[in-house]
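J.: Structure provided below as structure tokens; questions to follow.
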Amino acid sequence: MAADPAGLPPRLRPSTAPPPPAVTRALHTINTCTSAAALAPLRVHILREPALLRSTAVVSAFFLACGRLRSLDPALVLFASLPRPHVFVFNSLLRSLPAAPACSPLPLFRHFIGLGVRPNRYTFPLMLTSLSSLHELSAVHSQVAKSGFARDLHVRNALLASYAACDPDLGHAEQLFDEMPSPDVVAWTTMITAYRNRGRSFHALSTFRRMFAASVAPNRVTMVSALGACAAHGAVDTGIWIHQYVQKQGWELDVVLGTALVDMYGKCGHVVEGVRVFSEMTERNVCTWNSIIGAFALEQNGEMALRWFYRMKADGVRPDAVTLICVLYACTHAGLVDIGRKIFNLIVQGKYGFQPGIKHFGCMIDLLSRSGHLDDAFRVLEAMPSQPDAVIWGLLLQGCKVRGDTDLSEYVTMRLVELEPGNASHYVTLANLYAETGRWLEAEEVLKGMKEKGLAKDAGWSLRLEDSLSKYISDENLMECAL
């Protein structure tokens, strides 16, 4: 057929005949299904009609509908009835599985392989998204090698991402990454992100530097992860370098990359630069506002944090739980007791659309304790819907000690001992309280009980009894309570 005079390629003709009417009707019914109760009758209908059972489009659409309606049993029953399912159909079943299914996809895969059907390069990445244990991951890794996909870049990167998510110490992920002859930007970014998420910011930034040494260009996801590591490590020089790289590349400051820059500058103490980036952004979300408010809170500039908080509300952005934690933290370190009370009460009243969490309670207890309102702080603690943890009690204890309230300090320390009976620092604190009030025998009893429990004091703690006089000594006035 001659080419079109306009220089266009020849028109394409349909390679197959249109689907039978029964298939078209079934696809319409499946794709418009909105009730999980209708899935079982649809499955029966498919099994009774050979044309529908042979149609990969129909069976795949049914599997996806089961996943969309969160009712997998009809899909599993239909899959078990298929004599030799096409790999496309099996992949659709894997797509219908939730991220953390109640049952492992491995039995389905073994059944599929047992029917003599070969997986393709899309099968394994789909399986990997449904795995949550190293044991299962190792089994799939073995199947990848047996199936000849070990060198496939798509499969290899999916394996690396799964190991990075499941492996606590990242040993398996590091081994797989080191075995890659030429990791691409996806693999490098996976490792940088994994290190950052594990709190290993130094390793994240070292890997980031190695990536550039290997002449692999980063993408936006790489930069966002690296900026997160810079924020955690305080590596402002690297953060500035990333900012300059982004500018040289002419990248637009979208909401994700821009927010990562604002967050990095704020946590590294360069709030002015963070505000400048904030102003350059054409699109912002609640996370962007949280980053700038949090930056002023960390700087202990409560007035500015509140000013940005009010500006946020004026711009029509609804604060979330993180926003209010930043605001309450700012009030705590600026001594803004009345404003903090007002905001906390609004949270309790549901004015922001959620109830206060443990961090909101912690900020409020810290604010009241620091300002000497110990009775109010204790009432807030008692009003918590869940049992206060050791951190909450520790915040109250700090306020008690600053104000010299030995009675409440003793009560709080006793609660800490009950919550964490294996924490030696609480016993030392209690013994010190007794010693400071001249209750030497009780101090000795606490230390004796501590010894009987086999608890060792931290290196910075010591307590000396001389001539019926007990004195607590802490090297360089370290914190008296391990929070």
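The values are calculated or read from the model by the stated rules, or taken from the named source; none is laboratory data. This one's a predicted model, so the numbers in the text were calculated from it and none came from an experiment. Positions of Cβ are backbone-derived with ideal geometry, glycine not excepted, and every protein chain shown enters the neighbour counts. With ligands, DNA and RNA removed, areas are computed over all heavy atoms of the protein, side chains included. Shrake-Rupley method; radii C 1.70, N 1.55, O 1.52, S 1.80 Å.
J.: Using θ = phi - 60° and the Karplus relation 6.51 cos²θ - 1.76 cosθ + 1.60, list the HN-Hα couplings for segment 281-287 in order, rounded to whole Hz, with x at every Gly or Pro.
T.: The phi angles translate into 6, 8, 10, 9, 10, 4, 5 Hz.
J.: Let me ask you something else. What figure, in Å² to the nearest 10, do you get for the accessible area of residue 71 with a 1.4 Å probe and non-protein molecules left out?
T.: 30
J.: I've got another one for you. Please compute the modelled spin-label separation between residue 247 and residue 139, points set 7 Å along Cα→Cβ, answer in nm with one decimal.
T.: Placing both labels 7 Å along Cα→Cβ, they lie 5.4 nm apart.
J.: Pop out the ³J(HN,Hα) list for segment 140-153 in order, Karplus 6.51 cos²θ - 1.76 cosθ + 1.60 with θ = phi - 60°, rounded to Hz; leave Gly and Pro as x.
T.: Here the 3J(HN,Hα) series is 5, 4, 4, 5, 4, 5, 5, 8, x, 9, 5, 9, 6, 4 Hz.
J.: Further question on the same structure: Could you work out how much longer the chain between residue 411 and residue 24 gets when fully extended? Use 0.36 nm per residue separation minus the Cα distance between them, nm to one decimal.
T.: In short, 132.0 nm is gained.
J.: State, as an integer percentage, the relative contact order of segment 357-456 based on alpha-carbon contacts under 8 Å between residues 6 or more apart. Working shown, then result.
T.: Numbers: 98 pairs, mean separation 19.4, N = 100.
Relative contact order of segment 357-456: 19 percent.
J.: Next up: Based on Cβ point charges of +1 for Lys and Arg and -1 for Asp and Glu, what charge dipole magnitude is obtained for the chain about its Cα centre, in debye rounded to the nearest 20?
T.: Dipole magnitude for the chain comes out near 2720 debye.
J.: With a probe of 1.4 Å, find how much accessible area the chain has per residue, and write the answer as a whole number in Å².
T.: Accessible area per residue: 52 Å².
J.: Then there is this: At a probe radius of 1.4 Å, what is the per-residue accessible area of residue 406, in Å² to the nearest 10?
T.: Accessible surface of residue 406 is approximately 60 Å².
J.: Same structure again: How many percent of Cα pairs in the chain exceed 39 Å?
T.: For the chain, the fraction of Cα-Cα distances above 39 Å is 51 percent.
J.: Here is a follow-up. Heavy atoms only, probe 1.4 angstrom, no DNA, RNA or ligands counted: give me 200, 70 ranked by accessible area, highest first.
T.: Reading off the accessible areas and sorting them downward yields 70, 200.
J.: I want the local charge near residue 417. Using Cβ-Cβ distances under 11 Å, sum +1 for each Lys or Arg and -1 for each Asp or Glu among the other residues.
T.: That works out to -1.
J.: Would you work out the relative contact order for segment 26-134, in percent, from Cα pairs under 8 angstrom that are 6 or more residues apart?
T.: 25
J.: One quarter of the convex hull surface, Cα atoms only: what value does that give for segment 357-456 in nm²?
T.: Here the figure is 6.1 nm², rounded to one decimal.
J.: Lysine pairs in the chain with Cα distance under 21 Å, only those 8 or more apart or on different chains: how many are there?
T.: So the count of such lysine pairs works out to 12.
J.: What ranking, highest mean first, results for peptides 293-303, 240-250, 333-343 when packing means the other Cβ atoms within 10 Å averaged over each residue? Could you put the intermediate results ahead of the total?
T.: Values: 293-303: 20.7, 240-250: 13.7, 333-343: 17.4.
Taking the mean over residues of other Cβ atoms within 10 Å, the ranking is 293-303, 333-343, 240-250.
J.: Can you tell me the length gained on complete extension of the stretch residue 146 to residue 37, counting 0.36 nm per residue apart and subtracting the Cα distance?
T.: Working: separation 109, 0.36 × 109 = 39.24 nm, distance 4.00 nm.
Fully extending the segment from residue 146 to residue 37 adds 35.2 nm.
J.: First measure r as the distance between the Cβ atoms of residue 70 and residue 47, then evaluate 1/(1 + (r/R0)^6) with R0 = 25 Å and state the FRET efficiency to the nearest 0.05. The partial results should precede the final answer.
T.: Numbers: r = 22 Å, r/R0 = 0.87.
E between residue 70 and residue 47, to the nearest 0.05, is 0.70.
J.: Also, quick follow-up: Relative contact order of the chain: what whole-number percent is it, with Cα pairs under 8 angstrom and at least 6 residues apart?
T.: Averaging sequence separation for qualifying contacts and normalising by length gives 5 percent for the chain.
J.: Given R₀ = 41 Å, FRET efficiency for residue 285-residue 441 by Cβ-Cβ distance, to 0.05?
T.: In this case the efficiency is close to 0.10.
J.: Once ligands and nucleic acids are excluded and a 1.4 Å probe is used, how much of residue 364 is accessible, expressed in Å² to the nearest 10?
T.: 10
J.: Ignoring ligands, DNA and RNA, please state the percent of accessible area on the chain from carbon and sulfur, probe 1.4 Å.
T.: 54
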